[in-house]
1. Percent antiparallel among DSSP beta bridges with both residues in segment 37-103, to the nearest 5?
2. Loop only per DSSP, at most 16 neighbouring Cβ atoms within 10 Å: give me the GluC sites (Glu not before Pro) in segment 30-77, ordered by residue number.
3. Applying 1/(1 + (r/R0)^6) with R0 = 30 Å to the Cβ-Cβ distance of Val84 and Lys60, what FRET efficiency is obtained, to the nearest 0.05?
4. Run through segment 57-127 and list the chymotrypsin sites (Phe, Trp or Tyr not before Pro) located in a DSSP loop whose Cβ has at most 14 other Cβ atoms within 10 Å.
5. On a C-alpha basis, how far is the centre of segment 44-93 from the centre of segment 118-178 in Å? Whole number, if you could?
6. Which whole-number percent is the relative contact order of segment 107-175 (Cα, under 8 Å, 6+ apart)?
7. For segment 78-156, report the % of Cα-Cα distances exceeding 19 Å.
8. Fully extended, how many nm does the chain gain between Asp47 and Lys114 (0.36 nm per residue separation, minus their Cα-Cα distance)?
Amino acid sequence: MIARYLSGVWLLAGLFLLSATTWAADDDQYRLGSGDVISINVFGEGDLSLDEVRLNDAGKFSYPFFGEIDAMGKTAAQLEHMLVSGLKGDYLVDPRISVRILEYRDFFVNGEVKSPGGYPFKPGLTLRKAIALAGGFTERASKSKFSVIRDGNRTPQERALDTLIMPGDIITIEQSFF
């Protein structure tokens, strides 16, 4: 009995780690944009570390010695590399830097939902969950016609309810004709 319990606990822990690893792998490909909140840790150099900084409308932020840094469209790893390259030599001998995404930019829901607007993104968010956050469908909403505009692509794409939503997505719930 205890062996079954322990194997169940290990199975659940493994599934949790697998899902966290899957999102972390996607995080390596995630491109920073306006509204994201990041932290920068330069090990051993508190003056060069930033606990929490929100990227401005242009995807930039202010950093000591460098002034404004453009992070728009870069991954956290690319930003780390940029900072290491900039600090190495003139400022530090061997800088060790980590960049973390603390808060993702909002996604937006409009059309036939009860509370259209912007909502904070959480990993694992689906179109179905996004609609629920926006108060659910109105009486006139189509239950099968949804479109999503993803960052970088200005053309709406029809999607299903199980589609994963990304930060910055714009979701439109169409009106039903019957």
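1. Details: 13 of 14 bridges.
Of those bridges, close to 95 percent are antiparallel.
2. Numbers: sites: Glu45, Glu52, Glu68; in loops: Glu45.
Answer by residue number: Glu45.
3. On the way: r = 19 Å, r/R0 = 0.63.
With R0 = 30 Å, the Cβ-Cβ based efficiency is 0.95.
4. Working: sites: Phe61, Phe65, Phe66, Tyr91, Tyr104, Phe107, Phe108, Phe121; in loops: Phe65, Phe66, Tyr91, Tyr104, Phe121.
When the chymotrypsin sites (Phe, Trp or Tyr not before Pro) of segment 57-127 are filtered for loop state and at most 14 Cβ neighbours within 10 Å, Phe65, Phe66, Tyr91 remain.
5. 33 Å
6. Numbers: 138 pairs, mean separation 30.0, N = 69.
Relative contact order comes out at 43 percent.
7. 55 percent
8. Numbers: separation 67, 0.36 × 67 = 24.12 nm, distance 4.62 nm.
Between Asp47 and Lys114, full extension yields 19.5 nm more.
Bear in mind that the values in this text are calculations on the coordinates, not laboratory data. Since the model is a prediction, treat every value here as computed from it, not as a measurement. Neighbour counts run over all protein chains shown; Cβ positions are idealised from the backbone, glycine included.
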